[in-house]
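Below is one structure, written out as structure tokens; comments come after it.
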Amino acid sequence: MHLRRFFAVLKARNLEFWRDKSALAWNLIFPVLLVVGFAVMFGNSNKAEFKLGVLQQAATIDMQSQPFLQTRYLEFVPYADLGQALKKLQHHQLDLLVDFSGKKYWLNDNSAKGYLAEKLLLQQLPDASKETVSGRQIRYVDWVLPGILGMNMMFSCLFGVGYVLVRYRKNSVLKRLQATPLTALEFVSAQVLSRLGIVLLIAGIIYIGCDLLFDFVMLGSYADLLVVTVLGAMAMISLGLLIASRSRSEELTGGLLNMASWPMMILSGVWFSLEGAPKVLQWLADLLPLTHLVAAARAIMTDGATLADLHYPLSVLSVMTVLFLSLSAWLFRWQGDQR
């Protein structure tokens, strides 16, 4: 690879992006508006329903086994792992955790809803023993932030790479570059690095700006979060390159990019958790790079997970990146398929 040619293409692509003021403004403003909107709509934590964890080995709860389980307006979630359930309780994602077999329950001292749930429980189990935990509340805006940032990255990676390549090919820019000493590897590498730098910079600006407004929960390491962000961005940039590797049609490419992005918006856990969803949907979600990016980033920010805890999503993102890049390099055409 000739570094001078590589950096020339890299510089040209960066200048092209930064000079497009409307695209730059949209990339910065749109995710902020989403965060602010969800903070306003879901910022109030005093909801009417109670969510209680039930410690047991079975994946489903027998609602007839305890009178308390038949109480209306209470949601019961089974947990086999005490540590996982207590972490949910610490972050106010559960109002109370109960073990009926051991006649024991756990409560977050700082949870007003937990206090009320305890009063309801003690009416049925007055002799149950009590333990307390404490921790900062994970608001919906804290939970949804990784999804919003990941979705913004997805659009920037897919459309920012896919449409650029098709436009270059359609306008014969790639045909002219083919006549130069520039190799396909140098050109594609410059596009990947350019888009990666832009995505990381914009995501960083949005996170810092929103954090000043809402003081997001961050229990993990920023270095770990950066690694996850880089891997996730690389996987989606590679997918964008694969989709636009040989097409000359902006309409076809737009359709393919939408076909890739819409399932990720719906099934990748951006807006809601897929816990309890049908296994088929969970299996489909597992095939999408945004699913693993959002899950890993959310685990770092709200659960304090480390890279060692995230070996599965990081491995999947790495495999996807290598696979998509290899296929895009194999299918890449300077002039595209002739119509």
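The values are calculated or read from the model by the stated rules, or taken from the named source; none is laboratory data. What you see is a predicted model; the values in this text were computed from it and never measured. All Cβ positions, even for glycine, are placed from backbone atoms using ideal geometry, and neighbour counts span all protein chains on display. Each accessible area value is taken on the protein alone, full model and side chains, heavy atoms only, with ligands, DNA and RNA left out. Shrake-Rupley method; radii C 1.70, N 1.55, O 1.52, S 1.80 Å.
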Among (1) touching a strand residue (DSSP E or B) at 6+ places or on another chain (Cβ under 8 Å); (2) modelled with pLDDT of 85 or more, ASN152 falls short only on (1)
Looking at region 310-332, which of the residues that are buried (at least 21 other Cβ atoms within 10 Å of the Cβ) and closer than 16 Å to CYS157 by Cβ is farthest from the chain's Cα centre (by Cα)? SER328
Do we find a residue being touching a residue at least 60 places away in the same chain (Cβ under 8 Å), outside any helix (DSSP H, G or I), open to solvent by 30 Å² or more (accessible area, probe 1.4 Å) and within 30 Å of ILE202 (Cα to Cα) anywhere in region 85-108? no
Members of region 266-298 that are open to solvent by 30 Å² or more (accessible area, probe 1.4 Å) and among the β-branched types (Val, Ile, Thr): ILE266, VAL280
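Within region 237-256, which residues are hydrophobic (A, V, I, L, M, F, W, C), part of a helix (DSSP H, G or I) and over 18 Å from the mean Cα position of the chain (by Cα)? Outline the logic, then answer.
Taking region 237-256 and keeping what is hydrophobic (A, V, I, L, M, F, W, C), we get 237, 239, 241-244, 252, 256.
From what is left, the residues that are part of a helix (DSSP H, G or I) are 237, 239, 241-243, 252, 256.
Within region 237-256, LEU241, LEU242, ILE243, LEU252, LEU256 meet the criteria.
Name the single residue, out of those in region 166-206 being part of a loop (DSSP other than H, G, I, E, B) and within 21 Å of GLY254 (Cα to Cα), that is most open to solvent (accessible area, probe 1.4 Å). Steps first, please.
In the first step, residues of region 166-206 are kept if they are part of a loop (DSSP other than H, G, I, E, B); the result is 171-172, 179-183.
If we keep only those that are within 21 Å of GLY254 (Cα to Cα) too, we end up with 171-172.
Details: ASN171: 86, SER172: 42 Å².
That would be ASN171.
Name the residue, out of VAL54, VAL32, VAL36, that is open to solvent by less than 60 Å² (accessible area, probe 1.4 Å), at pLDDT 80 or above and more than 19 Å from VAL161 (Cα to Cα).
Values: VAL32 fails: at pLDDT 80 or above; VAL36 fails: at pLDDT 80 or above.
Exactly one of VAL54, VAL32, VAL36 is open to solvent by less than 60 Å² (accessible area, probe 1.4 Å), at pLDDT 80 or above and more than 19 Å from VAL161 (Cα to Cα), namely VAL54.
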